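See below for the structure under consideration.
The values are calculated or read from the model by the stated rules, or taken from the named source; none is laboratory data. From a predicted model like this one, the values you see are computed outputs, not experimental measurements. Positions of Cβ are backbone-derived with ideal geometry, glycine not excepted, and every protein chain shown enters the neighbour counts. We work out accessible area using only protein heavy atoms, side chains counted, and drop any ligands, DNA or RNA first. Shrake-Rupley method; radii C 1.70, N 1.55, O 1.52, S 1.80 Å.
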Amino acid sequence: MKKKILSLGLIIMMMVSLFTLTGCGSENNTDNKKEEEQKSAEETFSIDNNDCYFVKINGTKFKAGDKISSASSVGLKQKEKNLDTTIPKNRYLLAQSVVNSDEEEICKFVPLNATDDKITVADAVIGGFEVGTYNYNKISEETLAYDIEIFGGIKLGSSYEDMQKVFGEPDFKHEAEANEQLKMEAYTTYKYSKGYKAFEFIVDDSGKISQIEWNNYDYDE
C-alpha cells in the first residue's frame with residue numbers, strides 16, 4: 001500500500017513539474033514573439049522616417065543632425081584643411097572625407113548648415129553619409145575594420161537580397177558595364193529617393209554591396 005501511495009505521489013509530482021515547465025515555455029515564447037514583432041516594427045523602412053537616417057561605426061550611432069565632430073568618439077575626424085570652409089545658411093557641401101588618426105579615409109559625411117547663420121565645416125551637422133566604392137575587394141581593410149552599418153543592419157558585403165528585405169523594391173536601377181580602360185568591373189546602382197531624402201547602394205559583380213550612401217538634408221522638417 002505504501003509503495004502504491006509513493007508511486008502515485010511521484011506521478012503527481014512529475015505531472016505538476018511538466019505543467020509548470022510547459023507553462024513557462026509558453027510565456028517565454030509569447031515574450032520572444034512580442035520582442036520579435038516589436039523589433040520588426042522598429043525596423044520597417046520609410047523614406048520619410050528621419051529615424052532611418054543613421055550610421056553605426058564600431059557600434060556607436062551617428063544620426064542625421066548630429067555634429068560631424070562627434071565622430072571623434074570613435075577616433076575619426078574631418079580633414080584639418082576643410083574645417084575653416086564656410087557654409088551659407090541652410091546649405092550643404094559635397095561629401096567630405098572622414099579620416100582616422102593616420103589620415104586614411106574611412107567614410108564621408110555631408111556637412112550641412114541647418115541654421116539661419118553662416119557657419120564653418122567644423123560646426124556642421126551630418127546631412128548625408130557615404131562609404132565604400134564600386135567593388136567590394138577595393139575597400140580598404142581600415143574601413144572594413146570599423147564595422148560600419150546602417151538601418152536594418154545593412155553593411156558593406158551584404159547582398160542585394162539583404163537590401164531588398166529591408167528597403168523593398170528600389171525606385172531606380174542602373175547597370176554599369178565593365179570598363180577595361182578605367183580598370184573598373186561591372187556594378188549595379190539601386191536608389192530609393194523622395195525629394196532631398198535618398199538611400200543609394202552599389203552592388204558589385206560578385207553580388208556584394210560595395211557602396212552605401214544616404215542623404216537627409218531636410219531631417220528636421
The residue that is most open to solvent (accessible area, probe 1.4 Å), considering only those in the stretch 189-199 that are over 12 Å from THR133 (Cα atoms) and either touching a Pro at 6+ places or on another chain (Cβ under 8 Å) or not aromatic (Phe, Trp, Tyr) (or both), is LYS194
Answer yes if at least one residue in the stretch 31-47 is of a type in the set (A, V, I, L, M, F, W, C), at pLDDT 95 or above and open to solvent by less than 80 Å² (accessible area, probe 1.4 Å), and no otherwise.
-> yes
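Take ASP204 and decide whether it is buried (at least 18 other Cβ atoms within 10 Å of the Cβ) and of a type in the set (Asp, Glu).
Values: buried (at least 18 other Cβ atoms within 10 Å of the Cβ): yes; of a type in the set (Asp, Glu): yes.
For ASP204, the condition - buried (at least 18 other Cβ atoms within 10 Å of the Cβ) and of a type in the set (Asp, Glu) - is met.
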Inspect all residues belonging to the stretch 108-127 and state whether any of them is without any contact (Cβ under 8 Å) to a residue 24 or more places away in the chain and open to solvent by 40 Å² or more (accessible area, probe 1.4 Å).
-> yes
For the stretch 166-182, how many residues are open to solvent by 100 Å² or more (accessible area, probe 1.4 Å) and at pLDDT 95 or above?
-> 5
Where residues in the stretch 59-101 are modelled with pLDDT of 95 or more, over 20 Å from LEU144 (Cα atoms) and in contact with a helix residue (DSSP H, G or I) (Cβ under 6 Å, 6 or more places away or on another chain), which of them is surrounded by the most Cβ atoms within 10 Å (Cβ to Cβ)?
-> LEU83
For LEU83, work out the one condition from (1) touching a residue at least 40 places away in the same chain (Cβ under 8 Å); (2) among the aliphatic types (A, V, I, L, M); (3) over 19 Å from VAL55 (Cα atoms) it doesn't fulfil.
-> (1)
In the stretch 102-125, what residues are β-branched (Val, Ile, Thr), out of contact with any helix residue (DSSP H, G or I) (no Cβ under 8 Å at 6 or more places or on another chain) and modelled with pLDDT of 95 or more?
-> VAL110, ILE119, THR120
Could you please tell me which pairs satisfy a Cβ distance under 7 Å, a separation of 6+ or placement on different chains, a first residue in the stretch 129-156 that is touching a residue at least 12 places away in the same chain (Cβ under 8 Å), and a second residue that is in a helix (DSSP H, G or I) and of a type outside the set (A, V, I, L, M)?
-> VAL131/THR143; PHE151/CYS52; ILE154/ASP162; LEU156/TYR136
Would you check which residues across the stretch 68-101 are within 16 Å of ILE57 (Cβ to Cβ), out of contact with any Asp or Glu (no Cβ under 6 Å at 6 or more places or on another chain), not hydroxyl-bearing (Ser, Thr, Tyr) and not in a helix (DSSP H, G or I) and list them?
-> GLY75, LEU76, LYS77, GLN78, GLN96, VAL98, ASN100
Within the stretch 127-143, is even one residue under 27 Å from THR44 (Cβ atoms) and in contact with a Gly (Cβ under 8 Å, 6 or more places away or on another chain)?
-> no
If we ask which residues in the stretch 147-187 are among the aromatic types (Phe, Trp, Tyr) and in contact with a Cys (Cβ under 8 Å, 6 or more places away or on another chain), their number turns out to be 1
